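K.L.:
One structure is given below, represented as structure tokens, and several questions about it will come after.
The values are calculated or read from the model by the stated rules, or taken from the named source; none is laboratory data. Model, not experiment: these values are computed from the prediction. Here the Cβ positions follow ideal geometry from the backbone for every residue, glycine too, while neighbour counts run over all protein chains shown.
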Amino acid sequence: MNPPLVICSDVGKAWQTADTPVVALEGINLGIARREFVVFLGPSGCGKSTLLYLIAGLEQATSGTIESGGARVTGPGTDRGLIFQESSLFPWMTVGENVTFGLKLQGVAALERRQVAAGLLRKVGLGDVAHKRPDQLSGGMRQRAAMARALALRPEVLLLDEPFAALDVQTRSKMQQFLVEVWRDSGASMLFVTHHIDEAVALADRVVVFTARPGRIKSVVPIDLPRPRDPRSPAFHALSDHLTDLLRDEVDRAFAEQERVR
Ligand SMILES: Nc1ncnc2c1ncn2[C@@H]1O[C@H](COP(=O)(O)OP(=O)(O)O)[C@@H](O)[C@H]1O
Ligand SMILES: [Mg+2]
């Protein structure tokens, strides 16, 4: 079998704060296969975003190592694309310019950039908005544009931090179906952060369940459901119940800790 694309070995992260260091992650061991869809699920504050930023190379681990594509992660790279909760499109650029901004930095010529943008925007269902500004788009459209932008650099893994959290329920469900199509078509691995159990079951090949802070891996749950998935099916409900049971104690602990801090 091929080695995993992304490998976290004994990864820990403590954030330095004014008083005591905050231990966000401890002893994370995890491999993500090529083309695998992995979801990080855990209560808020358990370190999901922190782990994503470490893999993105935006922050350094305090202990342990992270590898991507056989090389040690020491900083950001085009092999890893990022999508955040609020789209980070540049408001002064057109959607098309946003999508190919990374290619421009790489010195790709304007004509080719326009062709790539047109192709990617078609792929995410935004074929006719290349000339618009981000603020002329709905939230769902902005997140699709952010996907197109992330895909423009042909990443091997897409890192998504609660990308649909700000969307209404109906749009969110459409975007989930849509993301699965993008994933299959791109051949990339997906690392998707959420605190929504149903979203995890809808999307993942495997769900990594985190403990409350300090975040450790509590359990890894394979989701062996055929796609497209039916959220009303008994098998979907059974997995969702199982994840709810796994999370319940952790959510209680996270909540108690938040109350203490206030
Ligand atoms: N830049 C930072 N400086 C200090 N503490 C941080 C920083 N980022 C996150 N933390 C702390 O690390 C813990 C994990 O945060 P985070 O990874 O954002 O959790 P999640 O994404 O699971 O909600 C939290 O206690 C948070 O307050
Ligand atoms: Mg987060």
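K.L.:
Please go through the range 47-65 and pick out each residue that is free of Cβ contacts under 8 Å to residues at least 60 places away in the same chain, touching an Asp or Glu at 6+ places or on another chain (Cβ under 7 Å) and within 12 Å of ligand 1 (Cβ to nearest atom).
P.N.:
Across the range 47-65, the qualifying residue is only Tyr53.
K.L.:
Hey, can you tell me all the residues within the range 53-98 that are modelled with pLDDT under 95 and of a type in the set (Asp, Glu)?
P.N.:
Glu86
K.L.:
OK, next. Conditions first: (1) surrounded by 21 or more Cβ atoms within 10 Å (Cβ to Cβ); (2) in a helix (DSSP H, G or I); (3) assigned by TED's automatic domain parsing to the domain that holds Gly64; (4) touching a residue at least 60 places away in the same chain (Cβ under 8 Å). Leu179 passes all but one, so which condition is the exception?
P.N.:
(4)
K.L.:
How many residues does the range 12-36 contain that are of a type in the set (A, V, I, L, M, F, W, C) and either out of contact with any strand residue (DSSP E or B) (no Cβ under 9 Å at 6 or more places or on another chain) or within 16 Å of Val209 (Cα to Cα) (or both)?
P.N.:
Within the range 12-36, residues that are of a type in the set (A, V, I, L, M, F, W, C) and either out of contact with any strand residue (DSSP E or B) (no Cβ under 9 Å at 6 or more places or on another chain) or within 16 Å of Val209 (Cα to Cα) (or both) number 6.
K.L.:
Where in the range 23-134 are there helices (runs of 4 or more DSSP H), lying wholly inside it, with at least 2 residues that are surrounded by 20 or more Cβ atoms within 10 Å (Cβ to Cβ) and not charged (D, E, K, R)?
P.N.:
48-56, 95-99, 110-123
K.L.:
Another question, then. So in the range 1-22, with the set limited to residues that are in contact (Cβ under 8 Å) with a residue 60 or more places away in the chain and not in a strand (DSSP E or B), which one is farthest from Gly187 (Cα to Cα)?
P.N.:
Of everything passing the filter in the range 1-22, Pro3 is farthest from Gly187 (Cα to Cα).
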